[in-house]
Amino acid sequence: MKQRFKKMLSIGLAITIAGTLAVGCGSNTGQKENTGNVGDAGSAGDISDSGEVTENTESAAVTEEESWDEPVTLTYWAFNNVEEAIRRFEGQWNEQNPDRPIVVDLQVYPFEDMHSKLLIALNSGQGAPDMAEIEIGKIGNFLKGTEDEIMLEPIDDLVEKYKDELLMSKFENYAAAGHYYGVDGQVGAAVAYYNPELLESAGIDYHDIKTYEDVENYGKILKEKTGKPFIMWDVSDVWALYTLITQAGGDWFDADGNVVMDSDINIKTVTWMQNLLKEGIAIVAPGGANCSEEGYAYFGGGNCGAVYHPLWWGGFLKQSVSDIQGKFRISTLPMWSEDGYTSTGMGGTCHCVLKTSDKTELAKEFLEFTYMTYESNLYYGSQGMTDPLRPDVYEELSKSENSVPMEYYGEDFYDVVNRALASMPGLHITSGYAQATDIVKQTMCYRLFSELEDPATVMKECADELRSVMASQEE
């Protein structure tokens, strides 16, 4: 392709945002993404009655950029259905940068296939894309080794630019060797989904559920009066277990990367969860997971009082079960103690640029354009059940007269999200996180919640397995 490069002054232009956003439950993401203008945006666009974010012009800093005549191709690998969002931002980029046109070659693969294919391409040095999305459960495989060995391009300059506007804890999930390597499309704040009608039939007001002691007490009342369980636990996925463990202050690793899967706080938490099963307050989720079709149908059919899950779960519930508008409500999670956390950030997808690309700077600009500005976050927040990384968009989102989240889950939807974002622990996403997740999904949850084995024994054996895996990788 013939390209003619010249110097020019580029000024950020108007941003228009609207469209549809796809969320992936099995992949953790309910999310996706982003942005408008290369400069940091100021005031937001307005959300129309139709739910669209209308145009708002904001001037960005003047920067010296290259330009070219023919579109430059950026190859982007994904496992989520992000076609509509990527095409929207590709079009907006070209409208606002007529001297720097691009074409995004979006290639969507099955979840496992994409991650395996990407790892092979990076290890071989051949065939990798310019950009990719990597699910948080897989990111550890790509952040091993030294700075020179990690094949993702650092985005420290972008993080520095937006650090006061974005929730920094999500960037820590994709940090290694002293650098930041990607941006998430959403927070994934864990919230409580409640069935007010069922709870009220037992004389329970979900607003009164403040602590996990309340969960146990009200769960007994619900079981006695209705015969129905209060909550469901996953046995083939990590969500319920990891939500409660991290909210309690536990994790699979400590800040230094040591395995602490069998810590006292973790054993105490899973013992409490197991006791709820024994008392009939909790059940194993139909289908093995809250985000299975059977799980959605069970909760959506009014058979259970609550589900504690990342926010995006409600989007899949809406897609999977008809006629549920206004039937359920969200709240912050109960607390383990009076000064405890009311949420935890769960799941995520790392949107990144690969070092093997010969267009890393352009790819980073498009990453910023699609995932980091005010307008892009406003766009994603306006599309449904997602919680953007920029807390400053929630006031604007709450003003919408056609908000799907508020119509389905209450007028206080964004107030709940804001309170959740303000009270979350940091997670320790290390190079062994993928292996830890596999052990939890394939062994730990089943033994704890289906077989009801001794929690201390299960946690110790799973932790030892993880330590063995980590040791073998270091050899």
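The values are calculated or read from the model by the stated rules, or taken from the named source; none is laboratory data. The structure displayed is predicted, hence computed values, not measured ones. Neighbour counts run over all protein chains shown; Cβ positions are idealised from the backbone, glycine included.
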Inset, instruction - Scan region 250-301 residue by residue and report those that are within 22 Å of Gly227 (Cβ to Cβ), surrounded by fewer than 16 Cβ atoms within 10 Å (Cβ to Cβ) and out of contact with any Lys or Arg (no Cβ under 8 Å at 6 or more places or on another chain). - result: Asn275, Lys278, Glu294, Ala297, Gly301
Legend entry - Residues of region 203-227 that turn out to be buried (at least 18 other Cβ atoms within 10 Å of the Cβ) and either assigned to a loop (DSSP other than H, G, I, E, B) or on the phi > 0 side of the Ramachandran plot (or both), as a count: 2
Legend entry - Enumeration of residues in region 201-257 that are within 30 Å of the chain's Cα centre (by Cα) and among the aliphatic types (A, V, I, L, M): Ile209, Val215, Ile231, Met232, Val235, Val238, Ala240, Leu241, Leu244, Ile245, Ala248, Ala255
Legend entry - For Ala85: the one exception among (1) surrounded by fewer than 23 Cβ atoms within 10 Å (Cβ to Cβ); (2) of a type outside the set (Asp, Glu); (3) modelled with pLDDT under 95; (4) on the phi < 0 side of the Ramachandran plot: (1)
Legend entry - Residue within region 355-370 that is in contact with an Asp or Glu (Cβ under 7 Å, 6 or more places away or on another chain) and under 27 Å from Ala192 (Cα atoms) present: no
Inset, instruction - Among residues belonging to region 149-160 that are surrounded by fewer than 20 Cβ atoms within 10 Å (Cβ to Cβ) and touching a His at 6+ places or on another chain (Cβ under 9 Å), point out the one that is farthest from Glu368 (Cα to Cα). - result: Ile150
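Taking into account only those residues within region 105-118 that are under 13 Å from Lys138 (Cα atoms) and in contact with a Phe, Trp or Tyr (Cβ under 7 Å, 6 or more places away or on another chain), which is surrounded by the most Cβ atoms within 10 Å (Cβ to Cβ)? If you could, list the steps in order and put the result at the bottom.
Step one: of region 105-118, the residues under 13 Å from Lys138 (Cα atoms) are 111-118.
From what's left, in contact with a Phe, Trp or Tyr (Cβ under 7 Å, 6 or more places away or on another chain): 111, 114, 117-118.
Values: Phe111: 16, Met114: 22, Lys117: 18, Leu118: 24.
Looking at residues that are under 13 Å from Lys138 (Cα atoms) and in contact with a Phe, Trp or Tyr (Cβ under 7 Å, 6 or more places away or on another chain), I get Leu118.
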Legend entry - Selected residue (criterion: modelled with the highest pLDDT) from residues of region 168-200 that are touching a Gly at 6+ places or on another chain (Cβ under 8 Å) and surrounded by fewer than 20 Cβ atoms within 10 Å (Cβ to Cβ): Glu197
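Restricting attention to region 426-475, which residues are aromatic (Phe, Trp, Tyr) and at pLDDT 95 or above? Explain how you work it out, then say what you get.
Residues of region 426-475 aromatic (Phe, Trp, Tyr): 433, 446, 449.
Those that are aromatic (Phe, Trp, Tyr) and at pLDDT 95 or above: Tyr446, Phe449.
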Inset, instruction - For region 161-196, enumerate the residues that are touching a His at 6+ places or on another chain (Cβ under 8 Å) and under 30 Å from Asp214 (Cα atoms). - result: Ala190, Val191, Tyr193
Inset, instruction - Only one of these is in contact with a strand residue (DSSP E or B) (Cβ under 7 Å, 6 or more places away or on another chain) and not β-branched (Val, Ile, Thr): Leu106, Leu119. Name it. - result: Leu106
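Enumerate the helices (runs of 4 or more DSSP H) found wholly within region 395-475, keeping only those where 1 or more residues are over 30 Å from Gln383 (Cβ atoms) and not hydrophobic (A, V, I, L, M, F, W, C). Write out each step before concluding.
Working: elements: 404-409, 413-421, 433-439, 455-474.
Helices (runs of 4 or more DSSP H) meeting the threshold: 433-439, 455-474.
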Inset, instruction - Return yes when Glu361 is surrounded by fewer than 21 Cβ atoms within 10 Å (Cβ to Cβ) and either assigned to a helix (DSSP H, G or I) or polar (S, T, N, Q) (or both) and no when it is not. - result: yes
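Taking region 241-254 as the region of interest, how many residues are under 16 Å from Met424 (Cβ atoms), part of a loop (DSSP other than H, G, I, E, B) and touching a residue at least 40 places away in the same chain (Cβ under 8 Å)?
Final tally of qualifying residues: 3.
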Legend entry - Residues of region 139-190 classified as hydroxyl-bearing (Ser, Thr, Tyr) and either closer than 25 Å to Ser124 by Cα or free of Cβ contacts under 8 Å to residues at least 12 places away in the same chain (or both), total: 4
Inset, instruction - Under 8 Å between Cβ atoms, at least 6 apart or on separate chains: pull out the pairs that start in region 455-468 with a residue that is among the charged types (D, E, K, R) and end on any residue that is assigned to a helix (DSSP H, G or I) and surrounded by fewer than 22 Cβ atoms within 10 Å (Cβ to Cβ). - result: Glu465/Ile439; Glu465/Thr443
Inset, instruction - Within region 370-391, count every residue that is in contact with a Leu (Cβ under 9 Å, 6 or more places away or on another chain) and assigned to a helix (DSSP H, G or I). - result: 8
